[in-house]
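Novice: Starting off with a structure, shown below.
The values are calculated or read from the model by the stated rules, or taken from the named source; none is laboratory data. Just so we're clear, the structure is a prediction, and the values are computed from it rather than from any experiment. As a convention, Cβ positions derive from the backbone with ideal geometry for all residues, glycine included, and neighbour counts pool all protein chains shown. All accessible areas refer to the heavy atoms of the entire protein, side chains included, with ligands and DNA or RNA removed. Shrake-Rupley method; radii C 1.70, N 1.55, O 1.52, S 1.80 Å.
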Amino acid sequence: VSNVQLLADLRGATIGGTIPANAFVLDVPASAKRMKWFFVPPRPLPSNLFGQQPREFSFTSLEGPRLGEQELAGKISVLTWYHDHPACEATLQQVSLARDRLKDDKAVAFYAVATDPTSTSNQALKQRLSDWNVFLPIVRVLQAFGDKSFQITVQPTTVVLDKQLRVQIFQPGGNPQFAEQLVEIVQRLERGDDLA
């Protein structure tokens, strides 16, 4: 928002006149309670899966093998749901940057979870991420696990699972510091912190 203006129409205004002492006095009722602070109410959590294992799920890698709970167990998994839309580009770039910073860490796995229809070829998925300068392994969702098991409602959404496959982070969208945050999240999970 730019060029915001506030206009006040002062009717009957005078300059240099006297102001009665009670002009700006508020009569406080005897039953009123004076407040000292206002707080913004907490925002609802983006998911009710924190600390829980999602119901059964699996993905299919572009090379064909299935990727499910057994393959992810024992690793910290960073899963980013996306589709071919410009809104997903910046978030995937941040996730890709985090993967690059953690490339020597064998205890963490990153995946771009493509939700594009099966009519979109594997080559088209690879080309889109290449065009976006994103370097993540791609897996496809051939069933509605994003909706049923992970309750994904917007894309992009990043879910971080700990080594026991419990949801530790559920982040719709992203931000310019997301790569740094993901690196710190992974490091904390490796130390045994329960972020959920």
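Novice: Rolling a 1.4 angstrom probe over the protein chains, ignoring ligands and nucleic acids, what is the accessible area of E180 in square angstrom, nearest 10?
Specialist: 110
Novice: Can you list the residues, at least 5 places off or on another chain, whose amide H is less than 5 Å from the amide H of I76, using H built in the peptide plane?
Specialist: The list, which skips near neighbours in sequence, is V108, A109.
Novice: If you find the alpha carbon centre of region 123-152 and of region 1-46, how far apart are they in angstrom?
Specialist: The two parts, judged by their Cα centres, are 50 Å apart.
Novice: When the chain is modelled as a GNM with alpha-carbon springs shorter than 10 Å, which of G64, G173, G16 fluctuates the most?
Specialist: G16
Novice: Which one, [x] 0.97; [y] 1.55; [z] 1.13, gives Cα Rg over 2.2 N^0.38 Å as derived from the coordinates shown?
Specialist: The calculated read-out lines up with [y].
Novice: Given labels modelled 7 Å from the Cα in the Cβ direction, how far is it in nm from A30 to F50?
Specialist: 4.5
Novice: In addition: For the chain, give the magnitude of the charge dipole about the Cα centre (Cβ charges: +1 Lys/Arg, -1 Asp/Glu; no others), in debye to the nearest 20. Show your work: numbers first, answer last.
Specialist: Values: 20 positive and 20 negative charges, 96 e Å.
That gives a dipole near 460 debye.
Novice: Hey, with R₀ at 35 Å, roughly what FRET efficiency would D194 and I19 work out to, going by the Cβ-Cβ distance, to 0.05? Spell out each step's value before the answer.
Specialist: Working: r = 59 Å, r/R0 = 1.70.
Efficiency for this residue pair is about 0.05.
Novice: Next question. Counting only pairs 8 or more places apart or on different chains, how many lysine pairs in the chain have C-alpha atoms closer than 18 Å?
Specialist: Working: K75/K103; K75/K106; K75/K163; K103/K163; K106/K163.
Summing the qualifying lysine pairs gives 5.
Novice: If you don't mind, there's one more thing I want to ask. Normalised by the number of residues in the chain, what is the relative contact order in percent for Cα pairs under 8 Å and 6+ residues apart? Write out the running numbers ahead of the final one.
Specialist: On the way: 252 pairs, mean separation 55.5, N = 196.
After rounding, I find 28 percent.
Novice: What FRET efficiency comes out for Q70 versus F39 if R0 is 45 angstrom and r is the Cβ-Cβ distance? Round to the nearest 0.05.
Specialist: Working: r = 45 Å, r/R0 = 1.00.
The pair Q70/F39 has a calculated efficiency of 0.50.
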